[in-house]
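No lab work stands behind these numbers, since they all come straight from the coordinates. Bear in mind that the values here come from a model prediction, so they are computed numbers and not experimental data. Here Cβ is always computed from backbone atoms with ideal geometry, including for glycine, and neighbour counts include all displayed protein chains.
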Ligand code: ATP
Ligand code: ZN
């Protein structure tokens, strides 16, 4: 090599930022403007000494903060663009939106969205599988991967596309990538799971640790999905594996020293993003401009409640809550259906006592789901209740209902009634649910493929309207609808 000293490459990485462009409400945590300051300072220092900096996002930019959700994560991608991001792996939440919106986001971002295993019906990658960056003297290949869990968790907008085996995608693309680059990085939204910690899902899926174990030629694996924070990168086989928690609370930094196209030394750390770091004024300006665009609409009061409406994750994923009742009641009220169905995992926050803003409602229901009506035979409704009865606590699939009651005993549904009248198997009922469940999401396959109708009403807006209709909520204590749940 012509280089007498090793080349210095710094990789900054984040994952699962979920709309958190702005510092947290406490002002002390997170914020892309602070991440920008750290990266800019390092760029100035490292590049002045002839080194290079990469900034990678391991996926799940979408969904989580109303100001971002309202603008289809344009604030996130615009700021990441100006922060000089080099690439992103497609996370499962990049499929909370339709493919056209995702492609719009890619144009705003300007950096490649990578996934070698998100493929069309002919098994061709829909986005780029990898990118090769020429660093002047050596090159870095970055291969993108998406968790196969997406097929189950986010089926809504997949259409004829699917997420195929991440493991086989590595097998397929690594030889090509090794030919074209000196250093091979996998940027994966797969997740790190300790033995026995894997969630029970009706699909097989690849973990980041499996890729590291199986492919020693992957030199660095930047991971996301499980929101794991590696204080120090983990070495598995000979792969350096890291992931930096979630929501931009930490920025991962890996320093590599490269000689003759090989890593000869490295170190890693996590940088805590807090108020000891100044906000980059330019990124702050861009972020705040977007925030203002949405604030008038988001601050709009839509109701008032004297009781807390419970959407706590542990509660809505283990049984009914007053907020689950309210959401399903709103769906019935809006559509005049006989039965409403809502997945607990789609309820993402509580509403505390006092004035309720539109922002509060969007925080509860961030996915932009629409209300979807279907005609279901009594026998299909029985399948819904039977399935619901088998769901263990903690799963997003846990059911919330209105218009229908039943009893759960020993994992079986009994005494199913609609409007107080026992279910008739060959009678047709009008049912409303969200479009996520209607597409078979969360295992509700009995709802998929039915000749339904997407009302186009955004569920969050339906709930906001219902709150306006209710006026002041003094109490929202309804009788249990699923006994024994
Ligand atoms: P990640 O770890 O990928 O960031 P997450 O926080 O969404 O994701 P979980 O908290 O396990 O992961 O939530 C998954 C659950 O979220 C699903 O089981 C489902 O109940 C719910 N969910 C996901 N996407 C949607 C959607 N588009 N509409 C309604 N519910 C959804
Ligand atoms: Zn995530």
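Overview of results
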read-out: From the C-alpha gyration tensor of the stretch 199-335, square roots of 5λ in Å; value: 42, 26, 13
read-out: Projected area, mean over directions - the stretch 438-480, Cα convex hull, nm²; value: 4.9 nm²
read-out: Rule-of-thumb Rg ratio for the chain [Cα; 2.2 N^0.38 Å; N residues]; value: 1.04
read-out: Relative contact order of the chain, defined on C-alpha pairs under 8 angstrom at six or more residues apart (%); value: 15 percent
read-out: DSSP-defined beta bridges in the chain - what % are antiparallel, rounded to 5; value: 65 percent
read-out: Ordering of 297-308, 438-449 by packing [mean C-beta count within 10 Å, highest first]; value: 438-449, 297-308
read-out: Beta bridge orientation in the stretch 150-296: antiparallel %, DSSP, nearest 5; value: 65 percent
read-out: Rg to Rh quotient for the stretch 245-301, alpha carbon positions, Kirkwood Rh; value: 1.24
read-out: The chain, helix-only ellipticity at 222 nm - DSSP H runs n ≥ 4, -39,500 (n - 2.57), divided by all residues, nearest 500; value: -8500 deg cm²/dmol
read-out: Folded to 0 to 90 degrees: helix 322-335 orientation relative to the chain principal axis, Cα; value: 70 degrees
read-out: Alpha-carbon centroids, the stretch 197-248 and the stretch 414-469: separation in whole Å; value: 37 Å
read-out: Efficiency of FRET between residue 108 and residue 477 - r from beta-carbon atoms, R0 56 angstrom, step 0.05; value: 0.80
read-out: Mean Cα-pair separation over length for the stretch 167-309, i.e. relative contact order, pairs under 8 Å, 6 or more apart, %; value: 16 percent
